[in-house]
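The values are calculated or read from the model by the stated rules, or taken from the named source; none is laboratory data. Just so you know, these numbers come straight off a predicted model, no measurement behind them. Virtual Cβ from ideal backbone geometry, glycine too; neighbours counted across all protein chains shown. Each accessible area value is taken on the protein alone, full model and side chains, heavy atoms only, with ligands, DNA and RNA left out. Shrake-Rupley method; radii C 1.70, N 1.55, O 1.52, S 1.80 Å.
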Amino acid sequence: MTDIFYATLYGSTKQYADALAERLGVQAQEITKDSASLVDATSVDPIIVLSPIHGSFIRGAKFLNELGPEVVEKRKVCLAPVGIALDHVLEETDPAAVLLGDMADHVKRVYLPGRLNYSELAPDHHDIMETRVEKMKAKDERSENEEMMVETYDTDVDRVDLSRLDPIAEWVEG
């Protein structure tokens with residue numbers, strides 16, 4: 001049976017995890033400080049971890065590092081980071097690979113588009129985004145991703161697309 005773990009900040013990652021779990025007939029589990037110790041190290045069933053990208057931090061990558069190579073290299077493992085950055089930017093830069101280090105070759109990575117609703121952000125998170133966007137605005141030249149962040153600042157953006165789970169479900173079933 002496939003194990004699905006997720007971390008979420010504002011709900012889009014949980015939305016993906018719940019949809020995938022329903023599709024695969026399993027239960028998604030939120031990552032807690034004890035989750036890594038609960039993983040059956042003797043199992044060979046797939047593990048799927050969905051997690052938001054928060055700056056340069058991906059909680060799902062940290063979770064896989066907590067499991068360690070003795071689990072990750074033995075099981076089929078997929079990490080699905082959920083972010084607001086442009087899809088091709090995430091695929092090209094592959095920030096999860098850096099965070100996974102030597103285990104990256106053993107982890108399938110599928111980047112999923114997320115949601116950033118400024119109307120729902122905690123005040124400190126909104127302040128961080130405002131500071132980041134102001135720095136982007138001050139640049140003479142902005143990347144395509146920075147341009148998108150400036151253009152969508154302070155508006156609700158929902159790019160969640162549950163059909164993007166298809167490659168993960170096919171990977172599990174294949």
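Considering the stretch 124-145, the residues that are under 18 Å from T93 (Cβ atoms) and polar (S, T, N, Q) include one that is least open to solvent (accessible area, probe 1.4 Å), namely N145. Just one residue in the set V107, V71 is among the hydrophobic types (A, V, I, L, M, F, W, C), surrounded by 19 or more Cβ atoms within 10 Å (Cβ to Cβ) and more than 17 Å from the chain's Cα centre (by Cα); that residue is V71. Could you list, in sequence order, the residues of the stretch 150-169 that are without any contact (Cβ under 8 Å) to a residue 24 or more places away in the chain and not assigned by the TED database to the domain that holds L20? V150, E151 - these are the residues of the stretch 150-169 that are without any contact (Cβ under 8 Å) to a residue 24 or more places away in the chain and not assigned by the TED database to the domain that holds L20.
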